[in-house]
2 protein chains.
Amino acid sequence: MGRRTVTMNDVAREAGVSVMTVSNVLNDRSNVGPETRQHVLEVVDRLGYEVNLTARRLRSGRTGTVGLIVPRFDLHYYGELASLISDALAADRMHLVVEQSGASRERELSALSLARLQQYDGVLLSAVGLDMADLDRIHPDLPIVLLGEQDVPDRYHRVHMRNVPGARLATEHLITRGARRIAVLGGKLTAPRQEMATHRANGWSDALADAGLDPRPDLVIPLQDYSIAEARARITDVLAAGLEIDGVFAVTDEVAIGALAGLHDAGLRVPDDVQLVGFDNLDISAHLTPGLTTIDPDRPTMVAESLRLLRRQLEDKNAAPEHVVGTVSLVIRGSTRN
Amino acid sequence: MGRRTVTMNDVAREAGVSVMTVSNVLNDRSNVGPETRQHVLEVVDRLGYEVNLTARRLRSGRTGTVGLIVPRFDLHYYGELASLISDALAADRMHLVVEQSGASRERELSALSLARLQQYDGVLLSAVGLDMADLDRIHPDLPIVLLGEQDVPDRYHRVHMRNVPGARLATEHLITRGARRIAVLGGKLTAPRQEMATHRANGWSDALADAGLDPRPDLVIPLQDYSIAEARARITDVLAAGLEIDGVFAVTDEVAIGALAGLHDAGLRVPDDVQLVGFDNLDISAHLTPGLTTIDPDRPTMVAESLRLLRRQLEDKNAAPEHVVGTVSLVIRGSTRN
DNA sequence: TTTCGCTAGTTTATCGTTATACTTTCGACG
DNA sequence: CGTCGAAAGTATAACGATAAACTAGCGAAA
């Protein structure tokens, strides 16, 4: 109890060599003889020494840690994203830590502070709420890849999905299957700036217009936090208010799950009375009843691309920014008709 | 581009004071005059200085960061847990970072290495896979609270839920509502060591025995990773193999979601043909069709208690270990009959 | 024999903060 | 008038590692 942490100095003294030699052994540098190396490793093992990453980082910069900043831990999308990234990074002998930015403006700024971000070798930023000014503040010499929907200046490395075409695909599918009064749940036609909700509403609107249908404003049902509970409550509201619909494009699968519950509450059958399409293709979406027809953003490819951009920056600080756009595809399940 | 990061030294030089005075200003220490403080703050602002947390940590130890280690990012339970903890910590002006331990033995050891854990002021450890030997290695003077099911030595601060009574409650409810052939999906009767799956299977077994029912081994359906997909596949298997059941106690809600899908695949109606109870009371569980009857572990209280134990250790390194057990309650929804 | 280069190390100077101890100034008090 | 104490600030030495430059010893080439 209370025994002091073992430092490299302790190991050096015990092994009868200099600290530098211990460091050389542990970092597999070449200027150490085989018996010395062996001996040092034994002492390290005996004393239970482990390197102090804080000290290493202060001196050498590198830490082997990548940060992922997400708006919320409890949105399934980000959990799945984090899992994929974590697995992919492990192959590079790096590891991932995840931080949440989204609860409030204050906490978002704190999560994005240079002080915090500097602790990572690189950062994957999936913070929806930040705007240009925020981004400009974190201008530092730190490899960053932006994941998401925001329109950001070209100097940022960035990976995002094809929101508008995806939403269009979803809506066209609903139209093809016979829906005519299609609401967009979680969509926004106007907003202070372009974001996921506006892009997806635009795709919806485009598809309707192309089919000669009217993208009426009352079919656009905005949401605040895109939670299941909120989606369920809002769709219940609009149905109670007399909105007549035979199709719903939910801007995320999570929202679609809420819609499914709300439609059921209202005695409407999916897909018989109302057809439903989501966006994200979460793991759970295949296992709902009915299975959720949705847009698959090809997360594995997006993750691979993000990490490629990150590695490029790690290798070359001045790598030219790249802007990668993922592909989307339609996954048809039981929530739309044949 | 490429401009060097601003350090405290730069601020000091620019403001015409010593670094120590800058440090004193930024840490609100009392030995600085009002005009000096004002001036330093102006310079800090003008240069865009932010403290280097790595250096601060190396020197002073404290960082304001708490680590949460979870087995997987993509299990909903941990996402919800992380969200709750993150919010609760924000009130203490600390923040949370989450790491994943579970993908492989190797990665678990790496996540639990002293080197990594030392970077935090304190650690909340929800790693299911670790055993005594692993725990003994991370003996350091680091505040740790274990969350979960493992039986661990008394010297650890620990918060866990009442697994056996919870499982018993779930199973008794099924029996009360008329189920007689009740499977436990994800349960294990024997395992190398006590864990969530064995505890919950024990509660199931106890309830059956009390009711004069036979906890037959073929009613125990073990799982590997407790994913929705795996649960769905396994229940499909056992039904295809001819297992006759009229109730399922799923060891987690996530497993229950898979069970719901698998039962539906097999043409069985929930709750008419088979009743279903889960465990965890995830946010999503209220929004399934039918709503999932489940055991609520009172996560907010568990989180509050965990943080209390952590704070105690932060304040007093030698605080006596405490062992807190949460309460469970039954939440009745549509997946069981009236 | 001298010189060169290689191996196996060591020494020294940091990385950017903060803890500690120290100095200076100045007013108050006996 | 001397001293004591508080206020405001500075100087120095860490925290634990690594980068960079340096040294000692030795065999081979010139």
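The values are calculated or read from the model by the stated rules, or taken from the named source; none is laboratory data. Everything quoted here is computed from the prediction, not taken from an experiment. Don't worry about glycine lacking a Cβ; one is built from the backbone with ideal geometry, like all the others, and counts go over all protein chains shown. Please note that ligands, DNA and RNA were not included when accessible areas were found on the heavy atoms of the full protein model with its side chains. Shrake-Rupley method; radii C 1.70, N 1.55, O 1.52, S 1.80 Å.
Couple of notes before you dig in:
- The modelled label-to-label distance between A:Ala320 and A:Ala88, using points 7 Å beyond Cα along the C-beta direction, is 2.2 nm.
- Cα gyration tensor shape for region B:244-329, rounded if a/c is under 1.5, else prolate or oblate: prolate
- Antiparallel bridges, percent of DSSP beta bridges restricted to the protein assembly as shown (to nearest 5): 15 percent
- Here the mean projected area of the convex hull built on the C-alpha positions of chain B is 21.7 nm².
- Using a Förster distance of 25 Å, the FRET efficiency for A:Ala266-B:Asn338 (Cβ separation, nearest 0.05): 0.70
- Residues listed by number, region B:281-300, amide nitrogen under 15 Å from B:Ser329 label point at 7 Å toward C-beta: B:281-282, B:294-300
- 7 Å along Cα→Cβ, label-point gaps from A:Thr301 to other copies, nm, shortest first: 5.0
- At most 14 other Cβ within 10 Å, DSSP loop - trypsin sites (Lys or Arg not before Pro), region B:52-112: B:Arg62, B:Arg93
- Sorted shortest first, the distances from the B:Arg93 label point to those of the same residue in the other copies are 4.0 nm; each point sits 7 Å from Cα along Cα-to-Cβ.
- Summary of the geometry: region B:228-304 and region A:313-338, compared by the centres of their Cα atoms, lie 33 Å apart.
- Rg/Rh ratio calculated on Cα atoms of region A:284-338 (Kirkwood radius): 1.25
- Dipole-positive endmost among A:Ser83, A:Met94, A:Val11 within region A:1-119 (Cβ charges, Cα centre): A:Val11
- Over chain A: helical MRE at 222 nm, DSSP H runs n ≥ 4 each giving -39500 (n - 2.57), nearest 500: -12500 deg cm²/dmol
- Part-to-part distance (alpha-carbon centres) for region B:149-216 and region B:1-61, which is given in Å: 56 Å
- Calculated FRET efficiency for the pair A:Ala241/B:Leu47, C-beta based, R₀ 51 Å, to 0.05: 0.40
- Kirkwood-type radius of region A:1-95, with distances r between different C-alpha atoms, in Å: 16.0 Å
- Take each residue of peptide A:4-15, count the partner chain Cβ atoms within 10 Å of its Cβ, and average: the result is 1.
- In plain terms, if you count all Cα to Cα distances in region B:163-297 and split them into 5 Å steps from zero, the share in each step is 2, 12, 24, 27, 22, 10, 2, 0 percent.
- For region B:8-51, the Kirkwood radius over C-alpha pairs fed into Stokes-Einstein at 37 °C and 0.692 mPa s yields D = 331 µm² per second.
- Ascending list, in nanometres, of distances separating the A:Ala286 label from those of the other copies (7 Å, Cα toward Cβ): 2.9
- Compactness ratio for region A:229-293: Cα radius of gyration over 2.2 N^0.38 Å (N = residue count) comes to 1.00.
- Chain A - charge dipole about Cα centre, Lys and Arg +1 at Cβ, Asp and Glu -1, debye rounded to 20: 760 debye
- Residue mean of other protein chain beta carbons inside 10 Å, B:50-62: 5
- Charge dipole (debye, nearest 20) of region B:161-202; +1 at Cβ of Lys and Arg, -1 at Cβ of Asp and Glu: 80 debye
- Here A:Lys188 is the anchor, and the aspartates and glutamates within straight C-alpha reach of less than 12 Å, apart from those fewer than 8 places off in the same chain, are A:Asp218.
- Descending principal axes extents, the protein assembly as shown, alpha-carbon based, whole Å: 73, 65, 52
- For region A:185-226, trypsin sites (Lys or Arg not before Pro) are listed when DSSP marks them as loop and at most 12 other Cβ atoms sit within 10 Å of their Cβ; the list is A:Arg193.
- Per-residue SASA remark: A:Asp214, around 100 Å² accessible (1.4 Å probe; ligands, DNA and RNA not included).
- When +1 charges are put on Lys and Arg Cβ atoms and -1 charges on Asp and Glu Cβ atoms, the dipole computed for region A:8-51 relative to its Cα centre reaches about 140 debye.
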